[in-house]
Amino acid sequence: MTKKRLKRMRSLISEARHLQEMLDRPAKTTEYVGDTAKDYRTGKPHSITITGYGQQDYPELKERYYQKLRQIQQEIAFLEGFLDQVEDPQTRDILRLYYVNGLTQEQIADELGYARETISRKIRDFWQNSHK
């Protein structure tokens with residue numbers, strides 16, 4: 001397990017939430033449409049193009065979103081399992097607040113009632129001693 005992989009967790013959670021929102025939206029039914037219209041300021045015609053996903057393309061797009069969402073959910077589950085295996089509950093709590101919730105070390109210190117240096121030391125010791 002690397003720090004880099006765990007640091008991605010917040011982004012993965014955000015991406016999963018965004019993908020789920022996209023999947024929950026109703027299907028797009030518009031096709032590519034083009035037309036011309038006169039500009040009321042100049043009186044000259046100009047082109048207007050409206051684009052969107054056609055009905056035949058939407059199921060493929062939706063399936064790609066589902067696949068990506070499943071992949072992200074598997075990675076999140078793996079990382080949560082990794083955090084669950086941290087033996088020291090204090091360190092586990094600090095790591096969750098830092099990597100999953102995205103709190104700063106100062107915010108974690110305020111929430112848990114420790115000095116910021118203690119939070120920093122716990123995170124550093126975790127990576128140095130057991131999980132390089």
Region 83-132, residues that are among the acidic types (Asp, Glu) and not in a helix (DSSP H, G or I): Glu87, Asp88
Residues located in region 98-110, provided they are over 21 Å from the mean Cα position of the chain (by Cα) and surrounded by fewer than 14 Cβ atoms within 10 Å (Cβ to Cβ): Glu106, Asp110
Contacts under 9 angstrom Cβ, first residue in region 60-89 being farther than 25 Å from Ile123 by Cα, partner modelled with pLDDT of 95 or more and β-branched (Val, Ile, Thr), 6 or more apart: none
Leu61 being assigned to a helix (DSSP H, G or I), closer than 24 Å to Ser14 by Cβ and modelled with pLDDT of 90 or more: no
Some residue of region 21-43 being at pLDDT below 70, surrounded by 13 or more Cβ atoms within 10 Å (Cβ to Cβ) and out of contact with any helix residue (DSSP H, G or I) (no Cβ under 6 Å at 6 or more places or on another chain): yes
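The values are calculated or read from the model by the stated rules, or taken from the named source; none is laboratory data. Here the structure is a predicted model, which is why all the values come from computation and not from measurement. With ideal geometry, Cβ positions are generated from the backbone for all residues, glycine too; neighbour counts draw on all protein chains shown.
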